1. Name the residue that is farthest from the chain's Cα centre (by Cα), counting only residues in the range 129-151 that are modelled with pLDDT of 95 or more and over 16 Å from Val30 (Cβ atoms).
2. Between a first residue in the range 96-118 that is crowded, with 16+ Cβ neighbours inside 10 Å and a second residue that is among the small types (Gly, Ala, Ser), which pairs have beta carbons less than 7 Å apart while being 6 or more apart in sequence or on different chains?
3. In the list Gly224, Gly265, which residue meets the criterion of being under 24 Å from Thr171 (Cα atoms), out of contact with any Asp or Glu (no Cβ under 8 Å at 6 or more places or on another chain) and at pLDDT 50 or above?
4. What pairs can you find where one residue is in the range 189-217 and farther than 13 Å from Ile87 by Cα and touching a residue at least 40 places away in the same chain (Cβ under 8 Å), the other is of a type in the set (Phe, Trp, Tyr) and surrounded by 15 or more Cβ atoms within 10 Å (Cβ to Cβ), and their Cβ atoms are less than 7 Å apart, with a gap of 6+ or different chains?
5. Looking at the range 1-68, what helices (runs of 4 or more DSSP H) fall wholly within it and have at least 2 residues that are at pLDDT 85 or above and either crowded, with 19+ Cβ neighbours inside 10 Å or of a type outside the set (Lys, Arg) (or both)?
6. Could you check Phe232 against (1) in a helix (DSSP H, G or I); (2) within 26 Å of Thr86 (Cβ to Cβ); (3) modelled with pLDDT of 80 or more and say which number it fails?
7. Looking only at residues that are in a helix (DSSP H, G or I) and of a type in the set (Gly, Ala, Ser) in the range 154-181, which one is modelled with the highest pLDDT?
8. Sort out which residues of the range 197-214 are closer than 13 Å to Lys120 by Cβ and either in contact with a Ser or Thr (Cβ under 8 Å, 6 or more places away or on another chain) or modelled with pLDDT of 95 or more (or both), and write them in order of number.
Amino acid sequence: MIQTQIALIRRELWEHRAIYIAPIVIAVIVSLMLITGQVAVSSFDQALDIAILGASNLGQNERAAAITFMMTATSPMFLITMWIMTIFYALDSLYAERKDRSILFWRSLPVTDSETVVSKLLTALLVIPLITFVLIMLTHLVILTIVSIWLAINGADAWHLIWRAAPLFDTWFATLIFILTLPLWLSPFIGWFLFVSALAKRSPFLIAFLPMVVLPMLEKIIFGTTLFAQAFFERSVRMPLFGGLDLPDFMSDTGIDKKIIAESGLSLVSLIDFGGFLATPGLWAGFVVCGLFTAAAVYVRRFRDET
């Protein structure tokens, strides 16, 4: 079973090369932006200017916080790309094999429909995030190396200012937790996209997103309520991984007191409420919805008439 899944996932990487090409392109773009001096680090510009670019008399915590902010500021581009890639992959994975009739070849192999659909689900939930995480780590190393070279050219001690202060493992571990739990929280959407990919004869993107637009509108017009809209919104942006702090607030300028973090040396891992995330009923309800849609995708693929 495991060997079969590994082979099937290799097939997905072979057929959908954008899975790893897209984050590589983002990594190159972010690195080039830094080299040309065009990286904007939002509200952290002042902290970076003070802590990294020459103020060696500042404390270790301030430098560590500034470097953390610089590294995390590059992650949203990867996360947005990862989610876009996941959407298009899930919508295309079962639809494309029927469109080009390659499904007839794959069905001739000793692989069940369940194994095939599960491999595509694992690719969306696990493989794409892990590839993205590896590229984020490499980008962080490239960025820190470039900053170190810049500091060395200007006569500063790059080892002391950057590498001794950089909380690499804390930042990477927090990033890994977030990047693996994000697809789990969004798993109902992924299951729905796989089901639409197996069902649609044409325009799977339109079929997948039209109900998300029409259902809230009809509910508002007919019943005057907004349950669907709230459900879509809560599942899309309010991921309960940071305790009482919502993801949009965490990423905003006012979400956490950056000065307190800089002074206390608070790590990103300490901000994550992983136990609370696992105890959230919505997470497990999402797994059930994802499982139902995945089972429906298996059923549709098994009995779909390709003629």
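The values are calculated or read from the model by the stated rules, or taken from the named source; none is laboratory data. All figures in this text were calculated on a predicted structure; none of them were measured in a lab. Here the Cβ positions follow ideal geometry from the backbone for every residue, glycine too, while neighbour counts run over all protein chains shown.
1. Here the residue is Leu130.
2. Val117/Ala297
3. Being under 24 Å from Thr171 (Cα atoms), out of contact with any Asp or Glu (no Cβ under 8 Å at 6 or more places or on another chain) and at pLDDT 50 or above holds for just one of Gly224, Gly265, which is Gly265.
4. Pairs found: Ala200/Tyr95.
5. Counting at least 2 such residues, we get 2-15, 18-35.
6. That leaves (3) as the condition not met.
7. Ala174
8. Once the filter is applied, which keeps residues that are closer than 13 Å to Lys120 by Cβ and either in contact with a Ser or Thr (Cβ under 8 Å, 6 or more places away or on another chain) or modelled with pLDDT of 95 or more (or both), the range 197-214 yields only Ser197.
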